[in-house]
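Participant: Here you go, one structure.
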Amino acid sequence: MDKRKIILDCDPGHDDAIAIMLAAKSGLLELLGISVVAGNQTVEKTVRNALNVCQYLKLDVPVYQGCKQPMIREKQMVAGDIHGESGMDGPVFEPLVKTAEKKHGVQFIIDTLLGSEGDITVVTTGPMTNLAMAMRLCPEIISKIEEVVLMGGCYQLGNVTPAAEFNIIVDADAAHVVFTSGCKITMVGLDVTRKVLCYPEIVERMGKQDNAAARLFVDLMKFFNKSQKEVYGWEGGPLHDPVTIAYLIDPSVLTIKEMYTEIDIRSEQSYGRTNCDFFHYSGKEPNSRVAVDIDVEKFWDIIEDGIRQYSQGG
Ligand code: BDR
Ligand code: CA
């Protein structure tokens, strides 16, 4: 079976790192490249984190630096309270040798999609600035995208404000561009990612494997769980970003409902909200497939299997 081709656009970030880990060694996915955006920290830091993860896991995947700031908003939000000063506090890495490619992340997305046969899925696990900029610079890419799978948004409660989730509020204009593009969009929001809480038992289970991925998982989650407890009071942090990859590996892990989704880019209180028309009040044609439930056991099995790939030298 042909592997499904993906571009991973991310802002590592503890959970982004695990998304990279899962995507890079899956026998079902071909990770064409990683583009990086400002989000959990400044882009210089998130690129460094992506390179560190690739170097540590010995992944031969190109990493491209993308946008440093949102499309329109002046203010760059970061999530130092959750991900620390570096954007990925916790693990200690060897001196960094791997370098980012010269090409800009947005140009990488454009060139890769233009040169494709319409068989590439774009996964975003950070603010959607790079993808939206690529769509505005070169609208021809839109028809080339097989599917956009994003971690972001929620039809219930946000995590930055009661209304908004981090990846969307950081650059709501970018999300608006993507959601109005006409692409097939699968939204993996907090509604499901908050169900995969990485409790200490899970950290222990994953840590039982004796390989580099398991060690990285444990080091990342120890820090992540501590900050999630401080900020939200949870004993285990939600492993948001890898849900996108788990879904591509086994779509049956998610229950999906089609909805019309509009990004709030105007109001003050609810700026960045993904207004998902769950009950189809508006009568508008759905423009998104929104995850409404997750098979939690299946998800952790996928993560465990993903870590196992690193013991198999393949
Ligand atoms: C999202 O925000 C980031 O902090 C995480 O990496 C994830 O992509 C969750 O709201
Ligand atoms: Ca992220």
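The values are calculated or read from the model by the stated rules, or taken from the named source; none is laboratory data. The structure presented is a predicted model; accordingly, all values stated were derived computationally and were not measured. Using ideal geometry, Cβ is built from the backbone for each residue, glycine included, and neighbour counts are taken over all protein chains shown. What goes into the accessible areas is simple: the full protein's heavy atoms, side chains included, and nothing from ligands, DNA or RNA. Shrake-Rupley method; radii C 1.70, N 1.55, O 1.52, S 1.80 Å.
Participant: How big is the convex hull of the Cα atoms of the range 49-107, per residue, in Å³?
Facilitator: On the way: hull volume 6.1 nm³, N = 59.
Dividing the Cα hull volume of the range 49-107 by its residues yields 103 Å³.
Participant: Sticking with this structure for a sec: Are there any trypsin sites (Lys or Arg not before Pro) in the range 270-299 that are in a DSSP loop and have at most 16 other Cβ atoms within 10 Å? List them by number.
Facilitator: Details: sites: R273, K284, R289, K298; in loops: R273, K284.
Sparse-neighbourhood loop trypsin sites (Lys or Arg not before Pro): K284.
Participant: Could you tell me what fraction of 2.2 N^0.38 Å the Cα radius of gyration of the range 119-244 comes to, as a two-decimal ratio?
Facilitator: Taking N as the residue count of the range 119-244, the ratio is 1.20.
Participant: Build a GNM of the chain with springs between Cα atoms under 10 Å: which of T42, T125, T112 gets the top mean-square fluctuation?
Facilitator: Maximum among the listed residues: T112.
Participant: So, one more: Across the chain, where is the longest run that never hits GluC sites (Glu not before Pro) in a DSSP loop with at most 13 other C-beta atoms within 10 Å? Please list the in-between numbers first.
Facilitator: Values: sites that count: E74, E85, E117, E235, E268.
Longest run free of exposed loop sites: 118-234.
Participant: Once you order the gyration tensor axes a ≥ b ≥ c over the Cα atoms, which shape class does the chain get: rounded for a/c under 1.5, otherwise prolate or oblate by comparing a/b with b/c?
Facilitator: In terms of gyration-tensor shape, rounded.
Participant: How large is Rg over Rh for the range 160-229, taking Rg from the Cα atoms and Rh as the Kirkwood inverse mean of 1/r across Cα pairs?
Facilitator: With Rh from the inverse mean 1/r over Cα pairs, Rg/Rh is 1.11.
Participant: Quantify, in whole percent, the carbon and sulfur part of the accessible surface of the chain (1.4 Å probe; protein heavy atoms only).
Facilitator: 50
Participant: Let me see the P(r) profile for the range 167-314: every Cα-Cα distance counted, bins of 10 Å, each bin given as a percent of all pairs.
Facilitator: 11, 33, 32, 19, 5, 0
Participant: Find me the longest stretch of the chain that has none of the exposed chymotrypsin sites (Phe, Trp or Tyr not before Pro), where exposed means in a DSSP loop (not H, G, I, E or B) with at most 16 other Cβ atoms within 10 Å.
Facilitator: 94-233
Participant: State to the nearest 20 debye the size of the charge dipole of the chain about its Cα centre, where the only charges are +1 on K and R beta carbons and -1 on D and E beta carbons.
Facilitator: Roughly 400 debye, rounded to the nearest 20.
Participant: When only DSSP loop residues count, what trypsin sites (Lys or Arg not before Pro) in the range 98-157 have their Cβ near at most 10 other Cβ atoms within 10 Å?
Facilitator: K102
Participant: How big is the C-alpha Rg of the range 263-314 next to the rule-of-thumb value 2.2 N^0.38 Å, as a ratio?
Facilitator: Numbers: Rg = 18.8 Å, N = 52, 2.2 N^0.38 = 9.9 Å.
Normalised by 2.2 N^0.38 Å, the Cα Rg of the range 263-314 equals 1.90.
Participant: Given points 7 Å out from each Cα along the Cα-Cβ axis, report the S252 to D305 separation in nanometres with one decimal.
Facilitator: With each label placed 7 Å out from Cα toward Cβ, I get 1.0 nm.
Participant: Against the empirical 2.2 N^0.38 Å scaling, what ratio does the C-alpha Rg of the range 97-189 come to?
Facilitator: Taking N as the residue count of the range 97-189, the ratio is 1.12.
Participant: Next question. Where the centre of each part is set by its Cα atoms, how far does the range 144-205 sit from the range 286-314, in angstrom?
Facilitator: Taking the Cα centre of the range 286-314 as reference, the centre of the range 144-205 is 15 Å away.
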